[in-house]
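This report refers to the structure that appears directly beneath it.
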Amino acid sequence: MGRIEALCAFLDRCDTFADVGCDHGYCTQYALQNGLCRRAVIADISAKSLSKAEKLLSVSIAEGRVKPVCCDGLKQIDEDTDQVLIAGMGGEEIIKILSSSFIPKRFVFQPMKNAPLLRRYLIERGAKIVRDDIFRDGKYYFVIKGERTGGTEGYGELEYEFGKDSLKNPAFFDFARTELNKKLSYLDGCAEGAECSSLRRQAELLKEAMDTYEAAGHSRHT
């Protein structure tokens, strides 16, 4: 399963869908072709990137099913849009977008880094995380799916760091083992200091997560 298909598997069927930071528009194309939405907005801050999506989706645009907008984040997205996808940005960048506009009614976020910061931001603002998982397509990707309201329970340090559903996913065990080996390698040549303390704590969390995974009897194999 490729990245687009794996990512779009987190989407619910809806009437209106917005792909923010749409780049080439592949996720919107997949959503339309597979009946995941009736109408869509493709948005990107880059006119050059948006033009690629407009070319890919030219027929749907001509039919009135897709509306392209060149804008910063959610600035031209209707707050009542049923579902919003933001993928391929850093967690801090997604937080910046949300803090300057709104948390969508339903959302799927795929942060490239700083996923723990994004989880905390959403939970502290009363959002409900309904799925918080990981998948692999060459690289590992965390995906956070949720709703604007409803609140989230059951998140401790490991869940904030790695995602609640990730901790039961065989792909996570592979990710954690790879990351743990990297951290241990860095620590071998690390002098004392704040950076070493941070690396050591990250290694401890990865090891704790792997131990928790195995103690729960989950398979190591995808």
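Descriptive notes on the structure:
- Listed residues S100, S197, S49, most fluctuating in the chain (Gaussian network, C-alpha, under 10 Å): S197
- Pairs from K52/K113; K105/K164; K55/K75; K128/K183 whose Cα-Cα separation, in the structure shown, is over 30 Å: K128/K183
- When peptides 161-174, 33-46, 143-156 are ranked by their average number of other Cβ atoms within 10 Å per residue, the highest-first order is 161-174, 33-46, 143-156.
- The C-alpha atoms of the chain occupy a region whose extents along the principal axes are 58, 35, 34 Å, arranged from largest to smallest.
- Within the accessible area of the stretch 127-222 (1.4 Å probe), percent carbon and sulfur: 46 percent
- Approximating the spin labels as points 7 Å out from Cα along Cα→Cβ, the Q76-to-Y186 distance works out to 3.9 nm.
- Cα centroids of the stretch 1-30 and the stretch 176-191: 35 Å apart.
- Full-stretch length increase - R201, D15 - with 0.36 nm per residue and alpha-carbon distance subtracted: 62.6 nm
- The translational diffusion coefficient of the stretch 1-105, from Stokes-Einstein at 4 °C and 1.567 mPa s with a Kirkwood hydrodynamic radius over alpha carbon pairs, comes to 96 µm²/s.
- Per residue, the accessible area of the chain comes to 50 Å², computed with a 1.4 Å probe over protein heavy atoms only.
- Percent of C-alpha pairs per 10 Å bin, the stretch 58-187, short to long: 11, 40, 30, 15, 4, 0
The values are calculated or read from the model by the stated rules, or taken from the named source; none is laboratory data. Note that the structure is a prediction, hence the values are computed from the model and not measured. Here Cβ is always computed from backbone atoms with ideal geometry, including for glycine, and neighbour counts include all displayed protein chains. For the accessible areas, the whole protein counts, side chains as well, though only heavy atoms, and no ligand, DNA or RNA atoms are used. Shrake-Rupley method; radii C 1.70, N 1.55, O 1.52, S 1.80 Å.
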